Amino acid sequence: MKQQTEPQRKLVLPGDVVAKGNYTINPKSVMYLYKIDDTIYAAVVGLVEINDNVVTLIPLEGTYIPRPGDIVIGLVENFVITHWQVDINAPYIGILHVSNLLGRPYNPAKDNLKEYLDIGDYIVARIDSFDRTKDPILDVQGKGLGRITEGKIVEIKPSRVPRVIGKKKSMLNVIKGDTGCDIVVGANGRIWIKCPNKDLEDIVTLAIKLIEREAFTSGLTEKVRVLIATEKHERGLI
């Protein structure tokens, strides 16, 4: 099978010149790059990639800021009459309305919220709306969304999420393909792993932590492949 080739990326520090001339900033990177005249500078530590005169920066540090449409993995912290309060690993608390989870009007006289979601439960949710003036609203209506009942949650720095996924999901597909595990990567730095056995769960965890630790290095995909193969051999899985 033909191996994936990693895109060329360069490590930059805040204030470094990233590009000069007829270049534009990828809309997804406007928080991490700034332009003065015809020169683009890095605002944070990250990996820069330039394609077709469009500059993209993958941040290697930073806090998760919700964006509508993001898939996140949340931890239920509390509930009141109309909604659950969900930790989404951000400066804001996620709000999940009871009517959204149930898909119908909520009757507080009949519905016991603990039967649906309790404190300490994890969920996969989509950021439905957020504008920084109020806490983000969560949506769990859709395929793959809702309460997590099995598997393992791994936490990494949110800034490392793009490296775990890879360009066009290349890194994520390598991990899935080499382990046979189902993996959901939350934009907020939480990752849900569901594998056929605990050994494979541990191997995927090691691979994810390797990516987090060495996010700035080249040849990372091959390092992940070698780690997975070595661990599977040592554990008698191949």
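FYI, it's all coordinate maths here, none of it is from the lab. None of the values given here were measured: they were computed from a predicted structure. When we count neighbours, we look across all protein chains shown, and the Cβ atoms used for this are built from the backbone with ideal geometry, even at glycine.
Axis of helix 220-234 versus longest Cα principal axis of the chain: the two differ by about 60°, to the nearest ten degrees. For the modelled label position 7 Å from the Cα of ARG132 along Cα-to-Cβ, which residues of region 7-49 have backbone nitrogen atoms closer than 14 Å? The answer is 30-32. When MET31, MET171 are sorted by how many other C-beta atoms sit within 10 angstrom of their C-beta, beginning with the fewest, the order is MET31, MET171.
Gyration tensor over the Cα atoms of region 73-214: the corresponding equivalent ellipsoid has semi-axes (square roots of 5 times the eigenvalues, largest first) of 30, 17, 12 Å.
Within the straight-line cut-off of under 16 Å between alpha carbons, the aspartates and glutamates reachable from LYS134 are ASP87, sequence neighbours fewer than 8 places apart in one chain being disregarded.
Bridges between two residues of region 10-59, per DSSP, are antiparallel at a rate of about 90%. Here is how the number arises for the chain: DSSP H runs of 4 or more residues each give -39500 (n - 2.57), the sum is divided by the residue count, and the result at 222 nm is -6500 deg cm²/dmol. For ILE58, ILE175, ILE50, the sequence from fewest to most other C-beta atoms within 10 Å is ILE50, ILE58, ILE175. Largest GNM mean-square fluctuation among PRO59, PRO108, PRO91, using the chain with Cα springs under 10 Å: PRO108. For region 152-234, the normalised intensity computed at q = 0.13 Å⁻¹ comes to -0.33 (log10 of I(q)/I(0), Debye sum over alpha carbons, equal scatterers, no solvent).
The residues neighbouring VAL184, those whose beta-carbon lies less than 15 Å from its own, together hold a net charge of +3 under the Lys/Arg +1, Asp/Glu -1 convention.
Once divided by 2.2 N^0.38 Å, the Cα radius of gyration of region 71-147 becomes 1.01. Rounded to the nearest 5, the antiparallel percentage of DSSP beta bridges internal to the chain is 95%. One equal scatterer on each Cα of region 10-59, no solvent, Debye formula: the resulting log10 I(q)/I(0) at q = 0.23, 0.26, 0.29 Å⁻¹ is -0.70, -0.92, -1.17. Of the labelled figures (1) 21.9, 78; (2) 21.6, 74; (3) 20.0, 65, only one reflects Rg and Dmax of the Cα atoms in Å as derived from the coordinates, namely (3).
Counting charges near ASP87 (Lys, Arg +1; Asp, Glu -1) among other residues having Cβ under 13 Å from its Cβ returns a value of -3. Where both partners of a DSSP beta bridge lie in region 71-147, what percent of those bridges are antiparallel, to the nearest 5? Counting only bridges with both partners in region 71-147, antiparallel ones make up about 95 percent. Extension gain for ILE81 to ILE119 (0.36 nm times residue separation, less C-alpha to C-alpha distance): 12.3 nm. Taking the longest Cα principal axis of the chain as reference, the axis of helix 170-179 is set at about 60 degrees.
With the cut-off at 1.5 for a/c, could you classify region 107-165 from its C-alpha gyration tensor as rounded, prolate or oblate? It is oblate, given that a/c is not under 1.5 and a/b is not larger than b/c. Charging the Cβ of each Asp and Glu at -1 and of each Lys and Arg at +1, and nothing else, the dipole of the chain about its Cα centre rounds to 460 debye.
Taking region 162-185 and a reference point 7 angstrom along Cα→Cβ of MET31, the backbone N atoms nearer than 19 Å belong to 162-166, 185.
Evaluating 6.51 cos²θ - 1.76 cosθ + 1.60 at θ = phi - 60° for every residue in region 185-191, the Karplus couplings come out as 9, x, 4, 8, x, 10, 10 Hz, glycine and proline recorded as x.
In this rough spin-label picture, where each label sits 7 Å from Cα along the Cβ direction, the SER218-ASP202 distance is 3.5 nm.
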